[in-house]
Amino acid sequence: MTREKTTKADMQSTICASAGLFENSTTCLLIALPIHFARSHQQYLISEQLVHSIRELRKSILKEFQASFTSERPINTDVIDNHKQLEFEDSLAGEKSVQTIITHDAIVLGGGPAGISCALELHENKADYFLIDRNSSLGGQLPDITNSIRNFAARYWDSGAAVRDDLEALCQKVGLCVQSAETIERIDLSTKTLYGLHQTYRAKAIFLATGTRRRALPIERLQEFSDNVIWNVEAHQEKVKGKSIAVIGGGDNALLDSLWLAQRCPSVLVVNRSDRFRARPDVVRDVRNDQRITVLEHTEVVSIDGESGNMQSILVRDNRTDKTTAYPVQMLVERVGTVANTEVFCGQVELDGAGFVAVDRFCQTNLDGVFAGGDLISSDCQGIARSVGDGMIAARSILKYLIAA
Ligand SMILES: Cc1cc2nc3c(=O)[nH]c(=O)nc-3n(C[C@H](O)[C@H](O)[C@H](O)COP(=O)(O)OP(=O)(O)OC[C@H]3O[C@@H](n4cnc5c(N)ncnc54)[C@H](O)[C@@H]3O)c2cc1C
């Protein structure tokens with residue numbers, strides 16, 4: 001049987017947060033171990049002096065810790081003191097063990113544009129929230145964007161990393177409540193419990209903003225020729241010039257890239273797995289009318305050939321006849337979309353037909369108190385502006401939900 005009790009002592013939260021935060025530090029172990037011992041043997045009857053000295057020691061370690069991460073990890077020390085905790089006493093074979101769960105009213109999972117935006121709005125409204133991200137710095141996909149950012153109605157940025165730097169500076173300025181470098185491995189959405197690598201967390205409301213990753217295609221020898229495979233033409237303009245190129249995909253990105261490449265490369269092959277293109281009709285028409293572009297329908301790239309890491313050809317299979325044909329190609333552009341990062345809450349929340357989390361216009365999922373936004377909820381309309389908007393909407397929904405709960 002598991003019994004749940006809420007502790008009042010702020011001292012315990014201080015200790016446990018220290019233990020979680022400094023898990024890899026010897027000093028932390030020096031603090032955490034005696035406390036753990038004291039807790040399991042005396043049930044929190046620790047003298048006030050000991051608590052005081054631990055707090056002081058913790059403060060100085062925290063300062064040092066923050067100093068070493070200031071540019072990368074905005075951490076609000078107040079938050080750590082404010083963590084409320086649930087203590088579990090498990091009786092297993094007569095042995096008592098105590099497990100700590102960090103609780104907040106709202107937990108934001110994912111520190112990309114959607115998560116940051118949600119957390120900022122919750123912060124603005126003085127909510128009890130906490131943002132968790134597995135990376136050591138915030139920004140999600142932003143550091144991967146090498147092109148300039150021209151479609152986020154705030155200003156022009158030279159790259160995604162520049163947007164990230166500005167967002168991170170903002171988070172630090174307002175003192176956003178963040179735990180970075182914490183991977184959530186599993187979530188039980190029925191109890192809204194998040195099982196992290198370092199800690200367990202629980203909330204009344206959760207905002208899922210875990211984003212997406214590039215779809216991986218099962219192409220033979222892809223790794224061997226990885227230098228000749230790109231996902232973003234704009235970021236590799238010099239690399240693609242004068243090369244024979246194949247573009248995989250049938251969406252806007254794939255076809256717009258093909259049109260751009262046709263003006264700079266001797267040959268452009270578009271490989272699409274069906275005869276339906278998801279791209280805008282005008283773009284599809286332009287591609288079909290462009291004599292420099294060859295469109296292959298109902299086809300898939302199955303393998304790559306070449307020498308010393310230099311791609312020389314690709315093998316393309318017709319998925320209606322299974323017939324394979326080799327085409328001379330020196331570079332491959334994979335524009336096949338993204339996959340939603342839903343693994344940690346797999347099977348618990350309703351998804352749409354494309355595997356993205358289904359939400360209503362308030363970013364509410366089919367589960368009470370569970371909200372989602374950003375790239376995670378849309379396969380066909382992804383972007384920084386949309387994610388930031390979703391974060392704001394979700395925060396407002398969460399605030400309403402918390403008041404009603
Ligand atoms: C190459 C490239 C170019 C782009 N160019 C543009 C552009 O020009 N303009 C534009 O508007 N958009 C662009 N985008 C898209 C834009 O980056 C995304 O739309 C945006 O980052 C989505 O934000 P998000 O918060 O929904 O998700 P993400 O940015 O993907 O953030 C998700 C976060 O969740 C965290 N996370 C996931 N799972 C866990 C877990 N289990 N535990 C803890 N943390 C977890 C991840 O670490 C990540 O930080 C581009 C993207 C790429 C890759």
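Hey, can you grab everything whose amide H is under 5 Å from the amide H of Ser303? Only 5+ residues off in sequence or another chain; H modelled, so Pro and N-termini drop out.
Glu220, Leu315
Note down the net charge around Ala127, summing +1 for each Lys or Arg and -1 for each Asp or Glu among other residues with Cβ under 9 Å from its Cβ.
So the surrounding residues net to -3.
For Lys126, Lys192, what's the fewest-to-most ordering of other Cβ within 10 Å of each Cβ?
Listing Lys126, Lys192 from fewest to most nearby Cβ atoms yields Lys126, Lys192.
Once you have all Cα-Cα distances for segment 118-199, histogram them in 5 Å bins from zero and send the whole-percent values.
Histogram of Cα-Cα distances, whole percents per bin: 3, 13, 18, 20, 18, 15, 7, 4, 0.
Looking at segment 352-404, which trypsin sites (Lys or Arg not before Pro) are in a loop (DSSP not H, G, I, E or B) and have at most 11 other Cβ atoms within 10 Å?
Passing sites in segment 352-404 are Arg361.
By count of other Cβ within 10 Å, fewest leading, how are Phe130, Phe356 ordered?
The fewest-first ordering by Cβ neighbours comes to Phe356, Phe130.
Binning at 5 Å from 0, report for segment 223-336 what percent of all alpha-carbon pair distances ends up in each bin.
Once binned at 5 Å, the Cα pair distances of segment 223-336 give 2, 13, 25, 25, 21, 11, 3, 0, 0.
Take the alpha carbon atoms of segment 247-405, find their radius of gyration, then divide it by 2.2 N^0.38 Å using N residues; give the quotient.
1.35
If you take the beta carbon distance between Arg276 and Asp166 as r and set R0 to 30 Å, what does 1/(1 + (r/R0)^6) give as a FRET efficiency, to the nearest 0.05?
0.15
Can you pick out the pairs among Lys126/Lys400; Lys126/Lys173; Lys204/Lys400; Lys239/Lys323; Lys173/Lys400 whose Cα atoms lie more than 20 Å from each other?
Long pairs (Cα-Cα over 20 Å): Lys239/Lys323; Lys173/Lys400.
Taken together, the values in this text are just the output of simple stated rules run on the coordinates, not laboratory data. What you see is a predicted model, and the numbers here were worked out from it, not measured in a lab. So basically every Cβ, Gly included, is an ideal-geometry build from the backbone, and we count neighbours across all protein chains shown.
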